[in-house]
Amino acid sequence: MAPAQNPIISQHVAVIGAGAAGLVTARELRREGHTVVVFEREKQVGGLWIYSPKPESDPLSLDPTRSVVHSSVYESLRTNLPRECMGFTDFPFVPRLEDESRDSRRYPSHMEVLAYLQDFARAFNLEEMVRFETEVVRVEPVNEKWKVRSKTSGDCSNDEIFDAVVVCNGHYTEPYIAHIPGIKLWPGKQIHSHNYRVPDPFENEVVVVIGNFASGADISRDIAKVAKEVHIASRAREHDTYEKPPMPHSNLWVHSEIDTAHEDGSIVFKNGKVVYADSIVYCTGYKYYFPFLDTNGYMSIDENRIEHLYKHVFPPALAPGLSFVGLPGMGIQFVMFEIQSKWVASVLSGRFTLPSQDKMMEDIISSYETLDALSLPKRYTHKLGKIQVSPLYYKYDYMSNHFVSKCEYLNWIAEECGCPHVEHWRNQEVVRGYQRLVSHPETYRDEWDDDDLMEEAYNDFANKKLISFNPSYFLESRT
Ligand code: FAD
């Protein structure tokens with residue numbers, strides 16, 4: 001899209017959430033000349049990365065009256081991507097070598113990611129825009145503006161009018177529970193990974209973990225350290241799958257998906273194997289959830305498809321006043337937030353324009369038709385950029401109806417708002433990182449074969465003067 005001829009307009013913008021997406025959105029909006037208020041219901045920035053040792057009271061998070069715990073982070077969690085490709089483009093997530101209390105590993109712990117986000121907020125004075133312990137409870141369009149109702153921890157409610165609202169509320173808090181035929185009568189314990197923290201409660205148990213991607217692979221191995229047996233049910237595997245991954249977990253098996261559960265405690269897998277289990281852990285993902293949003297019925301969620309969003313960011317009839325940063329899952333999340341928020345900020349200022357409402361809808365409908373033609377369910381709509389590790393995963397381009405890597409989506413947006421493409425090394429680190437995760441889930445964080453990419457990344461940081469240490473010296477100490 002060509003730059004608009006309009007003068008730059010400064011808007012008053014509400015951002016919901018001060019996680020990674022909300023923080024970088026606030027920065028980009030302010031850089032573009034907008035005034036910004038960030039609403040954050042927690043006491044600090046960081047969102048998902050604020051570890052809460054106490055999970056929700058309902059292990060499946062089904063009770064609507066439960067008190068919600070935002071974070072899904074478990075105690076042993078380390079990043080599932082190399083740190084250098086995770087960070088924002090001008091604030092690299094590199095080890096803080098001067099501070100011994102920090103985790104300098106290439107795949108660091110969740111505490112290090114929180115510390116990085118705190119560093120980021122500090123470096124750009126972002127906290128001054130944040131209203132902590134203030135929850136947004138309602139957002140609605142009013143006379144071409146947006147009314148935002150917020151509630152403080154003292155239960156004080158406040159209505160304010162904004163020109164625009166950017167939703168950055170995260171999407172890993174509302175669990176999706178896969179249905180298992182017969183589960184109602186099955187007598188064991190059930191928990192969703194959202195409420196998993198430590199393996200101790202599973203000591204000496206027989207445990208079935210459903211899901212075998214990042215969280216499923218981690219949690220099953222965490223539990224296997226203390227459990228009698230752990231059986232992973234993987235939808236991505238052939239029906240006859242029954243494998244024992246190599247040591248060190250001699251008590252771990254991988255099956256195809258579950259067929260049925262029974263009153264006598266048995267779980268029958270599609271491969272015909274029967275296991276008498278004490279617990280089921282659902283690592284089956286999450287649902288998009290915007291309880292505060294009232295768009296007079298214009299927007300809705302159907303089978304986890306948010307209807308309707310142009311390029312996963314703008315609802316055509318409400319754009320650009322309402323936008324969403326951070327919805328598509330997987331891959332280089334922080335950089336995706338950064339690029340999407342640059343787009344939002346520059347459209348709001350009038351530097352760039354969106355296509356007409358009709359054109360945006362046409363684009364959306366055409367992307368739905370392509371999913372239908374491929375017999376892919378609606379819930380895949382925002383699963384952009386999944387690395388092709390199984391026939392179930394796909395890469396799909398919403399512009400040209402082609403399979404592509406996620407970076408093409410990001411590069412398309414980057415071009416829309418005049419910012420650089422995703423770096424070659426970053427894209428490749430994600431692809432190779434996920435390949436390692438799938439092929440070597442036990443060791444992928446500590447053994448790698450992409451020193452060349454790491455070198456390219458650190459040299460890039462040095463050339464752009466984003467780091468103060470010598471990359472050669474640093475890299476030698478790493479290999
Ligand atoms: P969040 O971090 O969830 O932040 C949303 C914020 O909005 C929260 O602070 C919340 O309190 C606030 N909020 C919500 N509703 C309201 C409201 N109504 N009013 C006010 N405030 C509100 N990504 C990676 O890049 N690397 C990884 O290694 C990685 N590991 C992950 C591991 C797990 C287990 C999970 C679940 C995700 C992982 N991710 C990873 C993806 C991760 O979610 C993103 O990286 C990112 O941190 C999400 O940021 P966000 O800002 O979109 O959401």
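The values are calculated or read from the model by the stated rules, or taken from the named source; none is laboratory data. All values reported here derive from a predicted model rather than from experimental measurement. Cβ: placed from backbone, ideal geometry, glycine included. Neighbour counts: every protein chain shown.
Here TYR74 qualifies as within 12 Å of the ligand (Cβ to nearest atom), surrounded by 19 or more Cβ atoms within 10 Å (Cβ to Cβ) and part of a loop (DSSP other than H, G, I, E, B).
Can you confirm whether PRO95 is in contact with a helix residue (DSSP H, G or I) (Cβ under 8 Å, 6 or more places away or on another chain) and away from the ligand (no atom under 14 Å from the Cβ)? Against the criterion (in contact with a helix residue (DSSP H, G or I) (Cβ under 8 Å, 6 or more places away or on another chain) and away from the ligand (no atom under 14 Å from the Cβ)), PRO95 qualifies. Of all the listed residues (VAL230, VAL281), the sole one being in contact with a strand residue (DSSP E or B) (Cβ under 9 Å, 6 or more places away or on another chain), within 16 Å of the ligand (Cβ to nearest atom), in a strand (DSSP E or B) and under 23 Å from ARG78 (Cα atoms) is VAL281. Checking every residue in region 12-23 against the condition of being away from the ligand (no atom under 11 Å from the Cβ) and surrounded by 14 or more Cβ atoms within 10 Å (Cβ to Cβ) gives at least one match. For region 307-334, the candidate set comprises residues that are under 20 Å from HIS194 (Cβ atoms) and either in contact with a helix residue (DSSP H, G or I) (Cβ under 6 Å, 6 or more places away or on another chain) or more than 9 Å from the ligand (Cβ to nearest atom) (or both); within that set, the residue that is modelled with the highest pLDDT is GLY326.
Which residues, taken from region 178-193, are closer than 15 Å to ILE223 by Cα and either more than 30 Å from the chain's Cα centre (by Cα) or buried (at least 17 other Cβ atoms within 10 Å of the Cβ) (or both)? Lay out the reasoning, then the answer.
Narrowing region 178-193 to residues closer than 15 Å to ILE223 by Cα: 189-193.
If the condition is that a residue be closer than 15 Å to ILE223 by Cα and either more than 30 Å from the chain's Cα centre (by Cα) or buried (at least 17 other Cβ atoms within 10 Å of the Cβ) (or both), then GLN190, ILE191, HIS192, SER193 are the ones that fit.
Taken over region 25-43, the criterion of being more than 10 Å from the ligand (Cβ to nearest atom) and part of a helix (DSSP H, G or I) is satisfied by ALA26, ARG27, GLU28, LEU29, ARG30, ARG31. Looking only at region 335-377, count every residue that is within 16 Å of the ligand (Cβ to nearest atom), farther than 20 Å from LYS145 by Cα and either of a type in the set (A, V, I, L, M) or surrounded by fewer than 16 Cβ atoms within 10 Å (Cβ to Cβ) (or both) and tell me the total. Counting residues in region 335-377 that are within 16 Å of the ligand (Cβ to nearest atom), farther than 20 Å from LYS145 by Cα and either of a type in the set (A, V, I, L, M) or surrounded by fewer than 16 Cβ atoms within 10 Å (Cβ to Cβ) (or both) gives 3.
Residues that are in a loop (DSSP other than H, G, I, E, B), of a type outside the set (Asp, Glu) and surrounded by fewer than 17 Cβ atoms within 10 Å (Cβ to Cβ) within region 233-250 comprise ARG235, ALA236, HIS239, LYS244, PRO246, MET247, PRO248, SER250, listed in sequence order. In the set ASN212, ASN204, ASN169, only one residue is assigned to a loop (DSSP other than H, G, I, E, B), over 30 Å from HIS312 (Cβ atoms) and of a type in the set (S, T, N, Q); that residue is ASN204.
Here's the yes/no breakdown for (1) modelled with pLDDT of 95 or more; (2) surrounded by 15 or more Cβ atoms within 10 Å (Cβ to Cβ); (3) within 30 Å of VAL347 (Cα to Cα); (4) of a type in the set (Phe, Trp, Tyr):
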residue: GLU98; (1), (2), (3), (4): no, no, no, no
residue: TYR116; (1), (2), (3), (4): yes, yes, yes, yes
residue: THR134; (1), (2), (3), (4): yes, yes, yes, no
residue: VAL148; (1), (2), (3), (4): yes, yes, yes, no
residue: ALA164; (1), (2), (3), (4): yes, yes, yes, no
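Out of the residues in region 430-443 meeting the condition of being part of a loop (DSSP other than H, G, I, E, B) and without any contact (Cβ under 8 Å) to a residue 60 or more places away in the chain, tell me which one is farthest from GLU84 (Cα to Cα).
The first filter runs over region 430-443 and keeps only residues part of a loop (DSSP other than H, G, I, E, B), leaving 440-443.
When the remaining residues are screened for being without any contact (Cβ under 8 Å) to a residue 60 or more places away in the chain, the result is 440, 443.
On the way: HIS440: 20, THR443: 18 Å.
By that ranking, first place goes to HIS440.
Restricting attention to region 93-118 and to residues that are out of contact with any Phe, Trp or Tyr (no Cβ under 8 Å at 6 or more places or on another chain) and in a helix (DSSP H, G or I), the residue that is nearest to ALA14 (Cα to Cα) turns out to be GLN118. Against the condition within 14 Å of the ligand (Cβ to nearest atom), in contact with a strand residue (DSSP E or B) (Cβ under 9 Å, 6 or more places away or on another chain) and assigned to a loop (DSSP other than H, G, I, E, B), how does ARG138 come out, does it pass? No: the conditions fail for ARG138.
For region 337-354, enumerate the residues that are out of contact with any strand residue (DSSP E or B) (no Cβ under 7 Å at 6 or more places or on another chain) and assigned to a loop (DSSP other than H, G, I, E, B). Explain how you work it out, then say what you get.
Quick first cut of region 337-354, residues out of contact with any strand residue (DSSP E or B) (no Cβ under 7 Å at 6 or more places or on another chain) only: 337, 339-343, 345, 347, 349-350, 353.
SER349, GLY350, THR353 - these are the residues of region 337-354 that are out of contact with any strand residue (DSSP E or B) (no Cβ under 7 Å at 6 or more places or on another chain) and assigned to a loop (DSSP other than H, G, I, E, B).
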